[in-house]
Amino acid sequence: MSKWRMVIDLDKCTGCGSCMAACKMENNIPIVDSKEANEGGVLNWMDVITQYHGDYPNIEVDRLPKPCFQCDHPPCTKVCPVRATYLNPDGLVAQIYHRCIGCRYCMTACPYTSKVFNWYEPKWLDGPYKCFNPDVSIRMTGVVEKCSFCSHRLMKVKEDAALEDRPILDGEYEPACAEICPADAIYFGDAENKNSEVYKLSRSYRASRVMDDLGLEPKVYYLSKRS
Amino acid sequence: MSKQKVNLESEPEAALFRPIYETGKGYYIVIGIFIAIFLWAAFMYFNQIRFGLGVTGMNQTITWGFYIVNFVFFIGISHAGTLISAILRLSKAEWRRPITRMAEVITAIVLAIGGLHPILDLGRPDRMLYLVEAGRLQSPLLWDVTSITAYFTASTVYLYVPMIPDIARLRDQGGKLKWLYSFLSWGWTGTEHQKKVLNKAINILMVMVIPIAISVHTVISYIFSMTLQPGWHSTIFGPYFVVGAIFSGIAALLIVMIAFRKVFHLENYLKEIHFKYLGTLLLIMSIIWFYFTFSEYLTGIFAAEPHEMHIILYKFTGPFAIFFWGMVLCNFIIPVIILSFNKFKTITGVLISSITVVIGMWLERFIIVVPSLANPRMELPMGIYIPTITEWALLAGGISVFILGFMVFAKIFPLISVWEIEEGRKQGLKEVEERIHSYLPGTP
Amino acid sequence: MEIKRRDFLKLFGGFSGALLLGGCGLDEVLEVPASWVNKVKNGPKIETWKNTICGLCSGGCGIQVRLIDGLPVHIKGNPNYPVNQGGMCPLGINALHHLYNPDRIQIPMKRVGNPLTGKWEPISWEDAFKIISQRLIKLRRQNITHQLVILGSGERGVMKELISRFASAYGSPNYYQFSSLPNDVVPYLLVHGQSQIPSYDFLNAKIILSFGSNFLEEGFSPIYYTKLYSHHREQQTRYIQIEPRMSLTAANADSWVPIRPGTYGALALGLAYVLIREELYNEDFVTKYTFGFEDWIDKESKKHIGFRNYVLENYYPEKVSEITGVSSELILELGRELGNTPRALVLGGGGALDNTNGTFSMMAIQSLNGLLGNYERKGGIYFIDEPPYSKLPPVIEDSIAKNGNKKEPHAKPQDISFPLTNFSIESFTKNILRDNPYPIDTLFLFRGNPLFHSINHHEFVDALKKTPFIVSFDSFINETNEYAHLILPVNTFLEDWNESSNIPSVGFSHIGIQQPVVEPLFSTRSMGDIFIDLAKQIGGTVSDSFPFENYKQVIEHKLLGVYNSGRGAIASKGVKKMWLEYLQQRGWQISRYSSYEEFWDQLLKDGGWWNPIREEKRLNEIFKTPSGKFEFYSQKLKNSLDTLLKNQKENDSTHNLESILSRLNITARGDAVYLPHHEIVPYEGEKPFYFTTFQVLPNRDGKGANLPLMQEMFGYSVRSYWRSWVEINPINAEEYGIKDGDWIWIESSINRIKVQAKVIPAIMPNVIAIPFGLGHTSYGRYAKGYGVNPNSIMHNLYDYLSGKPALDGTKVKISLAS
Ligand SMILES: Nc1nc2c(c(=O)[nH]1)N[C@H]1C(S)=C(S)[C@@H](COP(=O)(O)OP(=O)(O)OC[C@H]3O[C@@H](n4cnc5c(=O)[nH]c(N)nc54)[C@H](O)[C@@H]3O)O[C@H]1N2
Ligand SMILES: Nc1nc2c(c(=O)[nH]1)N[C@H]1C(S)=C(S)[C@@H](COP(=O)(O)OP(=O)(O)OC[C@H]3O[C@@H](n4cnc5c(=O)[nH]c(N)nc54)[C@H](O)[C@@H]3O)O[C@H]1N2
Ligand code: SF4
Ligand code: SF4
Ligand code: SF4
Ligand code: SF4
Ligand code: SF4
Ligand SMILES: [Mo]
């Protein structure tokens, strides 16, 4: 079985926000208006967190691009009363939008604050042209959503590989954020494959995971000289 | 003022029946006001359904707010009832007699209100049936659904069964709603056999209802403590919540008792002594509550796990400090000061401390739910939570349903168990004497 | 729950939901071509990809557009395109919302009534063309073709050539752009003698010292630089950023040096002092290839002070420290680091340039490169070659055109200001208002939104109101073209042909082909085609100058030269490494295509061409200054001031150099005027805060404001959405009792604006910074009414020499808004 892993190199990431935008466009994520946004209603599957440390003028800025960590032992799926979020056979934590009752228990259970909720009827660009990605279903008001590791891309890649009767190649399955990152800071691949970049990087001395001590086995690694 | 012509002359406990038959203008005004509030809340809820949960103050980090706070709070209040009455019954406390009914009514009404809150909180209430269709028993939320349903069933039965003799009496007195009383009295005529069965049923129920009640609030605490969130992930949450529930339950019961005593002139039934006893109980609960709170925070502070500490400091000194210290004041300082001194332990004193405790316990729920969400482990910029008018409306709606429920109940059934009072008058003295005798040394 | 048919369709084909709405007979059907509805309803979902170039900023990123049944649904970076190598910025990623924007102008429109309150009436393209061509023909008849003025925006390359061509064939010397590259390059012109923005060999530099050039965020091609930056991280290049506010670039730098706004030049000279005093400069280069370093004697035997002694006398660290707020220890440290590290690069931009003393500051910054001998060497500065384009046939000018072209450029400053430029937005405005040197009749606004972007809003509005006839070529109605009489809706870049070559400062010559990925959604037309057709309608030699059917043909024609040269390669898969080796082995000539058609087809398929191999230039070839060397002492500046003096003297005997200098607000005297030096910015002393602006990636210079997603992302780093904010240091915040999130008033002597405060330590005390780009009063539903435009409170100040707006020249006071 494949072990999909994402490695984000914080020493390369500039904090440009392209991954956020790419994820939004790729996954048909709703856009919220000014009032709601400033009340904390923005739906970001990928969120670049900025933090300042230190006092002027010796300031360090941390930028942390944060998708869902796709825990191997996800606490969010455990609490769902209706199995609207679950660990799928590819090892990804999936959401079933049509079953979700919107209790938001999974959101409170996620220690990484990765999930977002549709507080209103989702809105996109006005007008007849919505430019949805046809591979990703759109959500309705009152349900939870989150980064899927662009699993629709995996579906495609799996089909292709099956048709050609071959294993999935390294780099063949790449989420939108990894694909777009102008700093090439996001790596993605199968850690089962010992030759893959992610396998090597995830074992680098710079690699660490967020709150590894919680034992949730997040699939996202960060590379940083600092930590 | 409307009066039904029912002859209560021969009725020794006439005062208990009077509210059923006599309705003052004030009653209609009050009921009108609360119906208006309720309709307003219903309208706001309708809007929430229409536009989405965005009309609340919740947001992507603080995903639970008033509704969950109120859920825990109301369910806590509900422990007034059945649990207290069961304990009192079980311990054969004679002074329980005028209290149990009211306590049980609180449970039934408040439980219904509390139990509805998670539904108010759902993003897709239309999909609720998935809980049945696709319910996952592994989810603590389903444990809640199960235990609240069980508790609701048990406590309504437990409310209902001891009411049968009184209903039969209402049936026999004639007047309105005869069909209802006939139906509900189940052919009660007061035969010895019936009495025996009734007593047995009550005994079974009261034994059953205690673990169920405890389980309910334990399970509710599990919603929080089963997660990894700092401030929530605590092993003492189960008993802590139960204690808090009983604590707030008693306070709510006291407020209700004092209110009805005043409104329906029940001074004869609800005497100073009841308030003294319950006041003492409240004092004890306050101290136990404090003990739990102290343990909870001390262990957190001592171990000083950074995330945990972050939240504790946030509660102690952050924007929520006012609520935290308000809670300590309301739940501990004020009640302990008032209730420790006989001088202050008057009905007014008890009322004041009960009100502060109810407020304090609401704050406690708030201080448990919101700050943990406002400070997620990921050091995100802190969220803010400012409840909106919708949430206030629904809180007001919940309270008005509670009051309306009581007012309606009081119009249909006696709020004090008539037959138990009678029984007390007839047998209580003798029984107590015997019982006391049995405790004392040197007697066979 | 019942799933409504519409929801169902929405779910199963993104588009179909929205389109089928039309199919169901609702209003929207009017806006959706029926063929599409059919396609979406019935057609198989056929996926195709097309390569083109992003047109949302000057960055020139290669992109790939995913189409389902011919409809664009997604955009990603073209991994083979050398500029961005697959990367994109948020704005470009969101380009589909630009294409599908509900506020696009869908058909030509004529204004009836007054600007802002009037009504827009749709008219047909024929009528629109008729109105314009009749007017232009009339001007030709009256022999006043110079009264046509074209104000463009950021167009470059072939498009710029086409418009210039139109102007000269028609007979107008008045084609300008705002913001103007000629303004930006003045300092380069002075030191290098070339009006070209040089490229920097980031890859091989060991230290990169940037004075205010926020290239990761605001550079000409932020993505190109982000790619290089991430490569640095592997190479351990040391990166130092000097600016008052910690921009994205500073945040990613190894060290951030906060500096008082308007004093960059002084700091540069402080570093020059260290290099000179400690003899850390490149002596060989300085003696052989620079002019004015040592004291010198001119032809008239006048003694002149050299850069060396001027700096040693005036810019010792203690003094510089006092001016700039950078400690003298740090100045020494930086200077030594610069001098002791081989391959240390210095560049400047942004705030260093956006001030009244910008030209002198930039000269000072470039003087460091001169001292270090950073030219045509590894890790240094170089000038890239123009792509080997074919020339267009010469413009045919008839007597009318000749007469018009000979006229003085209308926007040329009429007083002595801005002596080094023919255009400044300020002189442009003033000259219209004063009918000086002559009145204008027709103004073409070619895209752009100068009203929003400039600082002298009131006068600019007056100038627009005064102009008899304004035609705007744009895709959206914005603040500026609200004043137009006629708006011609042009295609967005996804529907249009264009080319994007040699983005300034990108390190190799390249051409990106921008091709339509979709038919125009509305009744819009290609910008290039409009000019060609207008020329045809005017007829005569104007028409003869455009022997092309359409703009695409022009581009094809230009590319023929590239094909014939056999140089470079099409940017296709795997070319990067292999190609370089191949080229190195074989020299320059390579032709892999049997015909031009094959080359062209491949070009369209892959999206671009590039040539990483550059002809080495000898050092004495690159400087085009009067001395043929890098000039510390600018003879060009001296000459132009002398000319000014000469002209003035003829008119008015009271004028002398002294009064010219004071009119130009130059405080230096003697030789210092022509040497890099620090000029004091005329800040208002009593206001406590320096007011600066910056641009965030999702919005750039305001273009993202009409895209809801970009509005939502506007302040993602500070969690401020759809609104402006002001960054303020905690020290000042405490002083004023301001808490994070409070609303405050920012007040200059011009006006005041209300903004929400973000208290962050990443800004110098007594400096406040607002992101530029919001505060639109027009520009569609998503832009109008959100945030504030910081330009609206700026003093009307310009760089004395280049005419560039002094965006950092204002001081303000602040107060809590209750
Ligand atoms: N994100 C974003 N990027 C933009 C724009 C935008 O709106 N948003 N606008 C574009 C426009 S219109 C302009 S005029 C430019 C101006 O880009 P800015 O940096 O804001 O330009 P200026 O302040 O005019 O400074 C120009 C000088 O700075 C230096 N400089 C600027 N960028 C680079 C660069 O990428 N590399 C190097 N080596 N030097 C550089 C050069 O010496 C140049 O002469 O930015 C373009 N890029
Ligand atoms: N405070 C402050 N002020 C600044 C700057 C700054 O950094 N800070 N930067 C300055 C600089 S460098 C510049 S270049 C100017 C920018 O000045 P402009 O060149 O005027 O700005 P743009 O964003 O290029 O132009 C925006 C307009 O172009 C039109 N447009 C956008 N996309 C398209 C399209 O695809 N097709 C067509 N036909 N039209 C389109 C829209 O109508 C939009 O209103 O601002 C200057 N002003
Ligand atoms: S796109 Fe890449 S560089 Fe930009 S914020 Fe995301 S991870 Fe960082
Ligand atoms: S990061 Fe959160 S949402 Fe994602 S799998 Fe882990 S617990 Fe679930
Ligand atoms: S919000 Fe939806 S996915 Fe999350 S726990 Fe509730 S039902 Fe499950
Ligand atoms: S993996 Fe896909 S869904 Fe997840 S953050 Fe990246 S783009 Fe978004
Ligand atoms: S930097 Fe962004 S907006 Fe500019 S060309 Fe590249 S993708 Fe487009
Ligand atoms: Mo610009």
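Compute the accessible area per residue over segment B:133-207, keeping the other protein chains in place, probe 1.4 Å, unit Å².
Counting only protein heavy atoms, the per-residue value for segment B:133-207 is 52 Å².
So for each of B:46-53, B:149-156 I average, over its residues, the number of other beta carbons within 10 Å; can you give me the resulting order with the highest mean first?
B:149-156, B:46-53
Mind checking the alpha-carbon convex hull of the protein assembly as shown and giving the volume per residue in Å³?
Dividing the Cα hull volume of the protein assembly as shown by its residues yields 227 Å³.
What is the total of Lys pairs in segment A:4-223 with C-alpha atoms under 20 Å apart, excluding same-chain pairs fewer than 8 positions apart?
So the count of such lysine pairs works out to 27.
Order C:LYS412, C:LYS558 by their accessible area, 1.4 angstrom probe, all chains in place, largest first. Display every interim value, and only then the final one.
Details: C:LYS412 70, C:LYS558 15 Å².
Per-residue accessible area, sorted high to low, gives C:LYS412, C:LYS558.
With each run of n ≥ 4 DSSP H residues scored as -39500 (n - 2.57), what mean residue ellipticity at 222 nm is computed for chain C after dividing by its residue count and rounding to the nearest 500 deg cm²/dmol?
Roughly -10000 deg cm²/dmol at 222 nm, from the helical runs in chain C.
Most mobile of B:GLY279, B:GLY187, B:GLY57 per a Gaussian network model of chain B (Cα springs, under 10 Å)?
Comparing B:GLY279, B:GLY187, B:GLY57 in the GNM, the peak value goes to B:GLY187.
Quick one: how many Å² of C:VAL326 are accessible to a 1.4 Å probe, rounded to 10?
0 Å²
At 1.4 Å probe size, what's the solvent-accessible area of B:ARG435? Round to the nearest 10 Å².
For B:ARG435, the solvent-accessible surface is approximately 50 Å².
Can you list the residues of segment A:177-206 that have at least 20 square angstrom less accessible area with all protein chains present than in their chain by itself, probe 1.4 Å?
Checking the loss per residue gives A:GLU179, A:ILE180, A:PRO182, A:ALA183, A:ASP184.
Kindly tabulate the residues in segment A:124-143 with an accessible-area decrease of at least 40 Å² between the chain alone and the assembly of all protein chains, using a probe of 1.4 Å.
A:LEU125, A:ASP126, A:PRO128, A:TYR129, A:CYS131, A:PHE132, A:PRO134, A:ILE138
Note the buried accessible area between C and A here, summed over both chains, with a 1.4 Å probe, in Å² to the nearest 100.
Counting protein atoms only, the buried area is about 5400 Å².
As a test question: what accessible area, to the nearest 10 Å², does A:CYS80 have when a 1.4 Å probe is rolled over all protein chains in place?
A:CYS80 has an accessible surface of roughly 10 Å² with all protein chains in place.
Leaving ligands and nucleic acids out of the surface, order B:GLU267, B:GLU420, B:GLU94 by accessible area at 1.4 Å, largest first.
Result, largest first: B:GLU267, B:GLU94, B:GLU420.
Which of the three applies to chain B, rounded, prolate or oblate, going by the alpha-carbon gyration tensor with a ≥ b ≥ c and a/c under 1.5 meaning rounded? All intermediate terms of the calculation are to be shown ahead of the outcome.
Values: a/c = 1.84, a/b = 1.47, b/c = 1.25.
Prolate.
Report the Cα centroid-to-centroid distance between segment B:123-183 and segment C:270-290 in angstrom, as an integer.
Centre-to-centre (Cα) distance: 92 Å.
Per residue, how large is the accessible surface of chain A? Use a 1.4 angstrom probe and give square angstrom.
Per residue, chain A has 34 Å² of solvent-accessible surface.
Project the alpha carbons of segment A:4-223 onto their principal axes and report the range along each, largest first, in whole Å.
Largest first, segment A:4-223 extends 59, 44, 37 Å along its Cα principal axes.
Cross-link partners among lysines for B:LYS271, C-alpha distance below 22 Å, same-chain residues fewer than 8 apart left out?
B:LYS92, B:LYS262, B:LYS343, B:LYS345, B:LYS426, B:LYS430
Could you tell me the distance between the Cα centroids of segment C:312-390 and segment A:136-165, to the nearest Å?
50 Å
Ignoring any ligand, DNA or RNA, what whole percent of the accessible area of chain C comes from carbon and sulfur when the probe is 1.4 angstrom? It would help to have the intermediate numbers written out before the result.
Details: 14270 of 29200 Å².
So the carbon and sulfur contribution to the accessible surface is 49 percent.
As a test of the definition: with a 1.4 Å probe, what buried accessible area, both sides summed, do you compute for B against A, in Å² to the nearest 100? Provide the component values of the computation, followed by the final result.
On the way: alone 20860 and 12310 Å², together 29700 Å².
Result for this pair: about 3500 Å² buried.
Run the accessible area of segment A:4-223 with a 1.4 Å probe and give the carbon-and-sulfur part as a rounded percent.
About 50 percent, which is the carbon plus sulfur part of the accessible surface.
Would you list, by chain and number, the aspartates and glutamates whose Cα falls below 13 Å from the Cα of B:LYS411, excluding same-chain residues fewer than 8 positions away?
B:GLU22
Working with all protein chains in place, sort A:LEU87, C:LEU330, A:LEU223 by solvent-accessible area computed with a 1.4 Å probe, largest first.
Of A:LEU87, C:LEU330, A:LEU223, the descending order of accessible area is A:LEU87, C:LEU330, A:LEU223.
Work out the charge dipole of chain C with +1 on the Cβ of Lys and Arg and -1 on the Cβ of Asp and Glu about the Cα centre, then indicate which of C:TYR483, C:LEU645, C:LEU96 is farthest towards its positive end.
Comparing the listed Cα positions along the dipole, C:LEU96 ranks first.
Carbon and sulfur together cover what percent of the accessible area of segment B:229-376 at a 1.4 Å probe radius? Walk me through the numbers before you get to the answer.
Working: 4500 of 5890 Å².
On segment B:229-376, the fraction of accessible area on carbon and sulfur atoms equals 77 percent.
From Cα coordinates alone, what are the radius of gyration and Dmax values for chain C in angstrom?
Rg and Dmax of chain C, Cα atoms, are 27.0, 96 Å.
Take chain A, connect every pair of alpha-carbon atoms lying under 10 Å apart with a spring to form a Gaussian network, then pick out the residue of A:TYR187, A:TYR112, A:TYR173 with the largest mean-square fluctuation.
A:TYR112
What are the ³J(HN,Hα) couplings of segment A:107-117, residue after residue, when phi is run through the Karplus curve with 6.51, -1.76, 1.60 and θ = phi - 60°? Round to Hz, x for glycine and proline.
After applying 6.51 cos²θ - 1.76 cosθ + 1.60, I find 5, 6, 7, 7, x, 9, 6, 9, 9, 10, 10 Hz.
Using alpha carbons only, how many angstrom separate the centre of segment C:162-223 from the centre of segment C:38-109?
27 Å
Over the Cα atoms of segment A:85-146, each weighted equally, I'd like the Debye log10 I(q)/I(0) at q = 0.13, 0.26, 0.29 Å⁻¹, rounded to two decimals.
Debye curve over Cα of segment A:85-146, log10 I(q)/I(0) at q = 0.13, 0.26, 0.29 Å⁻¹: -0.41, -1.21, -1.32.
Please give the per residue accessible area of segment B:229-376, computed with a probe of 1.4 Å over protein heavy atoms only, in Å². Each step should come with its number before you reach the end.
Values: 5890 Å² over 148 residues.
Value returned for segment B:229-376: 40 Å² of accessible area per residue.
Given chain C, what percent of its DSSP beta bridges are antiparallel, to the nearest 5?
Among the beta bridges of chain C, antiparallel pairing accounts for roughly 55 percent.
Once every DSSP H run of n ≥ 4 in chain B is given -39500 (n - 2.57) and the sum is divided by its residues, what mean residue ellipticity at 222 nm do you get, rounded to the nearest 500 deg cm²/dmol?
Computed ellipticity for chain B at 222 nm equals -23000 deg cm²/dmol.
Show which aspartates and glutamates lie in cross-link reach of C:LYS378 when reach means a straight Cα distance below 13 angstrom and same-chain residues fewer than eight apart are skipped.
Qualifying aspartates and glutamates at Cα under 13 Å: C:ASP201, C:GLU616.
Classify segment B:229-376: rounded, prolate or oblate, from the alpha-carbon gyration tensor (a ≥ b ≥ c, eigenvalue square roots; a/c under 1.5 rounded; otherwise prolate if a/b is larger than b/c)?
prolate
Of B:ILE255, B:ILE62, B:ILE386, which is the most mobile in a GNM of chain B whose springs link Cα atoms less than 10 angstrom apart?
B:ILE386
If you take the square roots of the eigenvalues of the alpha-carbon gyration tensor of segment B:362-444 and sort them as a ≥ b ≥ c, do you get rounded (a/c under 1.5), prolate (a/b over b/c) or oblate?
Oblate, because a/c is 1.5 or more while a/b does not exceed b/c.
Run the helix sum for chain A: -39,500 (n - 2.57) per DSSP H stretch of 4+ residues, divided by residue count, reported at 222 nm to the nearest 500 deg cm²/dmol. The partial results should precede the final answer.
Details: 6 runs with 43 residues, N = 227.
When only DSSP H runs of four or more count, the value is -5000 deg cm²/dmol.
Can you list the residues of segment C:67-85 whose accessible area drops by at least 40 Å² going from the chain on its own to the full set of protein chains, with a 1.4 Å probe?
C:VAL73, C:HIS74, C:LYS76
The values are calculated or read from the model by the stated rules, or taken from the named source; none is laboratory data. Values in this document were obtained by computation on a predicted structure and should not be read as measured data. Virtual Cβ from ideal backbone geometry, glycine too; neighbours counted across all protein chains shown. Just the protein is used for accessible areas: all its heavy atoms, side chains included, with ligands, DNA and RNA removed. Shrake-Rupley method; radii C 1.70, N 1.55, O 1.52, S 1.80 Å.
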